[in-house]
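Since every read-out is calculated from the coordinates, none of them should be taken as a lab result. Given the structure is predicted, the values throughout are model-derived calculations rather than measurements. Note that we place each Cβ from the backbone using ideal geometry, even for glycine, and neighbour counts take in every protein chain shown.
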Amino acid sequence: MLGATLAQLRSEGLLKKPVSGKHVSVKEAVLPFSRFPEVDTALGPEMRSTGEVMGIDSTFGRAFVKAEIAAGTELPTSGMVFLSLNDRDKPSGLVVAKRLRELGLGIVATSGTADYLQRFGHPVDRVVGKVSETAAKRNTLPDDAVELIKRGEIAFVINTPQGRGGRSDGEAIRKAANIFRVSSVTTINAALAAVQGLFEQQEHPLEVKSLQEYHQQ
């Protein structure tokens, strides 16, 4: 666009050489779900972003936390986390559950996720019924995740979409989280990044540096 190649611009001094500093940059899309409380926050192929932000730090986890903060997603440092995973994501969910415990966070889960975690030595604090089940069917599990979110008992939601029944449950949970301003993630990769970032933040509080410091200018 400028009528020259990148190599020519560098030789002319208009572009500086790539920075070799030891830092990581994470770019995050800003999604305006707060303006549309009845919209499912599960991501699809359509474009919903209204902007982008970036977090920079010495590690991926810390940069991810900064990017989430800039995008308006508050990651919890205390309270209960609701965990509901599809079968494909449950093995990775073991890592998430382990890290949540190390962070001192409680875990609430649906029966399927709770049974899986229990099988591998990661019991949850509370098991809730499915949203799609009636109170009579739930029997000993009168509460569901939507009710707990409404009552302010959930600080963070990790919900990865499942099959038809699970999808309708998940949609209700994600919408409730959106309406009541509870941060949520809908992929296991985002959940892993979130707990890694929180763990690294706990070890060493976040710091602010200027772009000039990162680029050694």
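Annotations for the structure displayed:
- Measuring r between the beta carbons of Ser111 and Ser78 and using R0 = 25 Å, the FRET efficiency lands at 0.50.
- Using θ = phi - 60° and Karplus 6.51 cos²θ - 1.76 cosθ + 1.60, couplings along segment 180-194 (whole Hz; Gly, Pro as x): 9, 6, 9, 4, 8, 10, 10, 10, 5, 5, 5, 5, 5, 5, 5
- Distant-in-sequence amide H partners of Ile107 (H built 1.01 Å from N, under 5 Å): Val81, Asp125, Arg126
- When each of Lys98/Lys130; Lys27/Lys98; Lys17/Lys98; Lys27/Lys90 is checked by Cα-Cα distance, pairs over 30 Å: Lys17/Lys98
- Once the chain from Val30 to Glu52 is taken as fully extended at 0.36 nm per residue, the excess over their C-alpha distance is 7.4 nm.
- Here the peptides 77-88, 2-13 are ranked by packing, the mean other Cβ count within 10 Å, and the order with the highest first is 77-88, 2-13.
- In nm, spacing of pseudo-spin labels at Lys16 and Met1 (7 Å Cα→C-beta vector): 2.1 nm
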